[in-house]
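What follows is one structure encoded as structure tokens, with my remarks underneath.
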Amino acid sequence: MVRSPFRRGVAEGLPFLVIMVPFGALFGVLGVEAGLPIAQVMGFSVLVIAGASQFTAVQLMLDSVPAVIVVLSALAVNLRMAMYSAAMVPHIGAAPLWQRSLIAYFLVDQTYALSVSAYEDRVDWGIADKVAYFAGTALPVFPAWVGSTFVGAVLGARVPDEWALDFALPLAFLALVGPLLKTRAHVAAAFVSVVGALALVWVPWNLGLILAAILALMTGAEVERRTAARPVGTEQRT
Amino acid sequence: MSPVEIGGPGVWGIIAALGVLTYLTRFVFLGIVGDRPLPGWLLRHLRYTGVAVLPGLVAPLIVWPAATGGETDPIRLIASAAALGVGVWRKDVVQAVVAGALVMGGLSWLNG
């Protein structure tokens, strides 16, 4: 069946509700438990749209950390978005500025992972097709994130602890990793990322994660270079 | 530098600053570089962005979960392994999430 890139994006974004709903609800619950009014909880999810950094910011505010440090630490968690932004350039860099501006707003882990994976598979797609696919993935993902934050904030402490809703945070990101492990270079990069992040967890302002990520990027690129450079999009897949 | 009063107007300042700065991190390359070609060595590094960031982001959360006061929890480790394993095996994010959630829920329930 031939589907338009937009419809394909919607179809492939929809299952991500399984991730976005518990993740957003968790932020809503923890936000009101921390003492934030619902408006501020929603402000985070609509204006920041970066779950992991939102959790970091709320936690640091509870720890009575100065505002500047709260923002910088949470921002460090989001520096990966700059890497995503750069990784999207070869695919949609030629799109009109207003489209790229909107895409930047919706560029989250899930829309990024879905889109780059689809772009590498569908080398026949033009710029407009790629933008349409991205828009399709954002259509279910973004409202689910905002809506579930609201539901979580309203329910608040009524969500029982036994549900272990906290596990939604690591699970939302961990689930993205498995399908990305396409080659030995990807596995090596992921390994360095884990070891580096655990070893550098003492580095203040969450910069340990950024250092670990840079080491991991270099590892992946170096392993790729040594295992006979294959052109983009033809990585061996099992 | 003083701490922020939870629920006070200072929180809006944090939301605004974090919102604008996060948007700029997403916009920086897409908006400014546009369709100028990037050098090959940079592209080779960028292909590993996802696997370089996400595992390091979750590893401390899984090994030292806040919900247990930072104590390593075998149930969370096994559930994480299930999510990762199914993700590798099925090449599907959603099946990985479902596997992780089912194992987490099932083992927590068995554990009372």
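The values are calculated or read from the model by the stated rules, or taken from the named source; none is laboratory data. Note that the coordinates shown come from a computational prediction; the quantities given were computed from them, not determined experimentally. Ideal geometry is used to build each Cβ from the backbone, glycine not excepted, and the neighbour counts take in all protein chains shown.
Taken together, the residues in the range B:87-101 that are aliphatic (A, V, I, L, M) and more than 7 Å from chain A (Cβ to nearest Cβ) amount to 1.
Among the residues making up the range A:193-227, those that are assigned to a helix (DSSP H, G or I), within 30 Å of A:Val68 (Cα to Cα) and more than 7 Å from chain B (Cβ to nearest Cβ) are A:Val195, A:Ala199, A:Pro204, A:Trp205, A:Asn206, A:Leu207, A:Gly208, A:Ile210, A:Leu211, A:Ile214, A:Leu215.
Here A:Ala153, A:Ala118 are screened, and the one residue that is more than 21 Å from the chain's Cα centre (by Cα), more than 11 Å from chain B (Cβ to nearest Cβ) and in contact (Cβ under 8 Å) with a residue 60 or more places away in the chain is A:Ala153. Output yes when any residue across the range A:4-22 is in the same structural domain as A:Leu107 (by TED's automatic domain parsing), free of Cβ contacts under 8 Å to residues at least 60 places away in the same chain, assigned to a helix (DSSP H, G or I) and farther than 20 Å from A:Asn206 by Cα, and no when none is. Yes; the residues of the range A:4-22 include at least one that is in the same structural domain as A:Leu107 (by TED's automatic domain parsing), free of Cβ contacts under 8 Å to residues at least 60 places away in the same chain, assigned to a helix (DSSP H, G or I) and farther than 20 Å from A:Asn206 by Cα. Listed conditions (1) out of contact with any Gly (no Cβ under 7 Å at 6 or more places or on another chain); (2) part of a helix (DSSP H, G or I); (3) at pLDDT 90 or above are all met by A:Ala95, apart from (2). Counting only residues that are over 28 Å from B:Leu107 (Cα atoms), of a type in the set (Val, Ile, Thr) and surrounded by 20 or more Cβ atoms within 10 Å (Cβ to Cβ), the range A:185-209 holds 1 of them. When the range A:8-56 is filtered for residues that are at the interface with another protein chain (Cβ under 7 Å from one of its Cβ atoms), crowded, with 20+ Cβ neighbours inside 10 Å and closer than 14 Å to A:Gly156 by Cβ, the ones remaining, listed by number, are A:Leu36, A:Gln40.
For the range A:161-184, the set of residues classified as surrounded by 20 or more Cβ atoms within 10 Å (Cβ to Cβ), more than 7 Å from chain B (Cβ to nearest Cβ) and either under 17 Å from the mean Cα position of the chain (by Cα) or in a helix (DSSP H, G or I) (or both) consists of A:Ala168, A:Ala172, listed by residue number. If you go through the range A:57-89 and keep only what is farther than 28 Å from B:Gly34 by Cβ, at the interface with another protein chain (Cβ under 7 Å from one of its Cβ atoms) and either in contact with a strand residue (DSSP E or B) (Cβ under 9 Å, 6 or more places away or on another chain) or at pLDDT below 85 (or both), you end up with A:Met61, A:Ser64, A:Val65, A:Pro66, A:Ala67, A:Val70. Filter the range A:29-43 down to residues that are in a helix (DSSP H, G or I) and free of Cβ contacts under 8 Å to residues at least 24 places away in the same chain and give me whichever is farthest from B:Pro65 (Cα to Cα). For the range A:29-43, the residue satisfying everything is A:Ala39.
Scanning the range B:29-46 for residues that are of a type in the set (Lys, Arg) and more than 7 Å from chain A (Cβ to nearest Cβ) gives a single hit, B:Arg36.
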